[in-house]
Amino acid sequence: MSLLPTVEHETAANPTHSILWLHGLGADGNDFAPIVPELVAKEWPALRFVFPHAPVQPVTINGGVPMRAWYDIHGFDARAPQDEAGIRVSIAAVEALIARENERGVPDENIFLVGFSQGGAIALSAGLRHPRALAGIVALSTYVPISSLLAAERHAANAATPIFWGHGSADPVVLYQRGVDSRELLQSLGYTVDWHSYPMPHSVCAQEIADLRQWLGARLA
């Protein structure tokens with residue numbers, strides 16, 4: 001598989017840790033790059049942020065208009081058909097990016113997967129299936145896709161991987177209840193989810209970034 005194009009930012013030379021951050025539907029890898037200075041603490045080890053661009057493909061819910069997407073979306077309702085094949089292609093793309101970080105000297109246990117919305121769905125899907133323990137998974141305003149398959153396909157290596165989940169109580173896209181349902185699914189499978197609710201729509205807020213900074217800092221100390 002050819003690697004996805006990426007936007008990258010290193011906080012210092014010779015990074016020992018990597019954060020792979022997946023954007024939401026219709027955005028690109030530049031979307032969250034400006035957040036780095038606000039998120040990073042000076043005492044943290046050298047980090048490499050990797051912001052990949054999802055492929056451009058038609059998206060059914062948006063009238064078939066081509067845009068950057070990790071998979072096709074037929075509807076935001078949990079009962080809508082899901083693009084299992086597209087989700088699996090994106091999981092493989094994330095695996096390829098993890099492998100490149102390994103080649104660049106960063107072991108799996110020093111890699112965080114982060115994603116917003118559709119990107120968060122792939123971060124969860126890839127991270128919980130990954131065959132080696134990761135540093136953590138961050139799920140922002142998202143849900144667990146193809147959720148009925150997770151119990152059978154998850155890997156024991158990431159059974160204890162810490163999960164940060166932030167969700168807006170007024171989210172009109174990925175409804176708050178869908179996030180709650182996904183959290184409860186993970187908890188029923190034994191995962192520990194650090195859940196944070198914010199009075200916001202389908203977005204990211206300053207308090208969420210502050211909470212994420214604290215969460216990451218506890219795992220980078």
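The values are calculated or read from the model by the stated rules, or taken from the named source; none is laboratory data. These numbers come from a predicted model, not from an experiment. Glycine also receives a Cβ, built like all others from the backbone with ideal geometry; neighbour counts cover every protein chain displayed. For accessibility, only protein heavy atoms count, side chains too; no ligands or nucleic acids. Shrake-Rupley method; radii C 1.70, N 1.55, O 1.52, S 1.80 Å.
For the pair the range 171-216 and the range 22-43, the centres of their Cα atoms are 17 angstrom apart.
Distance between the 7 Å Cα→Cβ label points at S197 and I35: 2.1 nm. Put simply, when 122-130, 103-111 are sorted by average Cβ atoms within 10 angstrom per residue, most first, you get 122-130, 103-111. 3J(HN,Hα) couplings calculated from phi for the range 154-170 with the Karplus curve 6.51 cos²θ - 1.76 cosθ + 1.60 (θ = phi - 60°) are, in sequence order, 4, 10, 4, 4, 10, 5, 10, 5, x, 10, 9, 10, x, 8, x, 5, 10 Hz; Gly and Pro show x. Taking label positions 7 Å along the Cα-Cβ direction at both E43 and Q187, the computed distance is 3.2 nm, reported to one decimal. How many percent of all Cα-Cα pairs in the range 42-118 sit more than 18 Å apart? The calculated P(r) of the range 42-118 puts 51 percent of pairs beyond 18 Å.
What's the FRET efficiency of Q177 with E153 using the Cβ-Cβ distance as r and R₀ = 25 Å, to the nearest 0.05? With a Förster radius of 25 Å, E is 0.55. Solvent exposure of the range 1-150 amounts to 38 Å² per residue of accessible area, where only protein heavy atoms count and the probe is 1.4 Å. Using only alpha carbons, the range 92-140 has a radius of gyration to Kirkwood radius ratio (Rg to Rh) of 0.94.
Given an 8 Å cut-off on Cα distances and at least 6 residues of separation, report the relative contact order of the chain as a percent. Normalised by residue count, the contact order of the chain is 18 percent. For the range 31-75, would you read off the P(r) tail past 18 Å as a percentage of all alpha carbon pairs? Of the Cα pairs, 50 percent sit more than 18 Å apart. For the range 89-221, with all protein chains present and a 1.4 Å probe, just round the carbon and sulfur fraction of the accessible area to a whole percent. Answer for the range 89-221 is 55 percent, counting heavy atoms of protein chains only. Backbone phi angles across the range 6-23, fed through the Karplus curve with coefficients 6.51, -1.76 and 1.60 (θ = phi - 60°), yield HN-Hα couplings of 9, 9, 10, 9, 9, 7, 6, 5, 6, x, 9, 10, 10, 10, 8, 10, 9, 6 Hz in residue order; Gly and Pro are listed as x. Pair-distance distribution P(r) for the range 78-181, from all Cα-Cα distances in 10 Å bins starting at 0: 15, 48, 30, 6, 0 percent. Relative to the dominant Cα principal axis of the chain, helix 176-188 is inclined by about 70°.
For V59, the amide hydrogen comes within under 5 Å of the amide hydrogens of G64, V65, M67, counting only partners 5 or more places away or on other chains and with H modelled in the peptide plane. Shown in residue order for the range 122-131 are the 3J(HN,Hα) couplings computed by the Karplus curve 6.51 cos²θ - 1.76 cosθ + 1.60 at θ = phi - 60°: 6, 4, 5, 4, 6, x, 6, 9, 5, x Hz (x for Gly and Pro).
The H on the amide N of G168, modeled in the peptide plane, is under 5 Å from the matching H of S141, Y198, S203, each at least 5 residues off or on a different chain.
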